[in-house]
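Nothing in this text is a laboratory measurement; each read-out follows from the coordinates by a stated rule. What you see is a predicted model; the values in this text were computed from it and never measured. Methodologically, a virtual Cβ is constructed for each residue, glycine included, from the backbone with ideal geometry; neighbour enumeration extends over all protein chains shown.
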Amino acid sequence: MLSNSSKYALKAVLYLALHTDENNKMMVKDFSERINVPKAYIAKLLQELAKRKIISSAKGPYGGFYITESNKKHTIMEIIEIIDGKKRIESCMLGLEDCNEKKPCPIHSLISPSRSKMIALLKSKTIDDLAKDLELNKVFLPV
């Protein structure tokens, strides 16, 4: 359901949420290995998220990517939609172009309720929510 790009972007954003702020910025080279994502790949994803104001960035000798309190209010779904687009998460699990409520594929009725619930959760959870869960060791992110 999620592309590798979205997975990588989420890992990077959560890593930044735990380790950065306005006074502590990180260059991609400083954490790409820790999250197991190629530097150039994650840099491109983070540049797009910064352009869309999901995360922050600064240029120069003390520059890098970082997460502000304001950034932490963005939802997980916003990240996914920027990276993958809305269609991917809502697309047919069998890959059928015409699958919808009026013309369902064989597994549409099995998947649709779960997908709707998952999308609602992704829209309700913020970067801050997941970062707090990580800080409280309720969940883990291998880094």
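A few points about this structure:
- Considering helices alone, the calculated mean residue ellipticity of the chain at 222 nm is -15000 deg cm²/dmol, with DSSP H runs of length four and up weighted by -39500 (n - 2.57) and normalised per residue.
- For the chain: relative contact order, % (alpha-carbon pairs under 8 angstrom, 6 or more apart): 29
- Ranked list, fewest to most other Cβ atoms within 10 Å of each Cβ, for Val28, Val13: Val28, Val13
- For chymotrypsin sites (Phe, Trp or Tyr not before Pro), the sites in the range 53-143 that DSSP calls loop and that have at most 14 other Cβ atoms within 10 Å are Tyr62, Phe140.
- Trypsin sites (Lys or Arg not before Pro) restricted to the range 27-99 and DSSP loop, no more than 16 other C-beta within 10 Å: Arg34, Arg52, Lys53, Lys59
- Within the chain, longest stretch free of exposed GluC sites (Glu not before Pro) [DSSP loop, at most 14 other beta carbons within 10 Å]: 102-143
- Cut-off under 5 Å, modelled amide H: who pairs with Asp21 long-range: Ile67
- Cross-link reach is defined here as a Cα-Cα straight distance under 19 Å, omitting same-chain residues fewer than 8 places apart; for Lys72 the lysines meeting it are Lys7, Lys11, Lys25, Lys51, Lys53, Lys123, Lys125, Lys132, Lys138.
- [x] 9.4; [y] 11.8; [z] 8.2, with the label sought being that of the calculated mean projected area of the Cα convex hull in nm²: [x]
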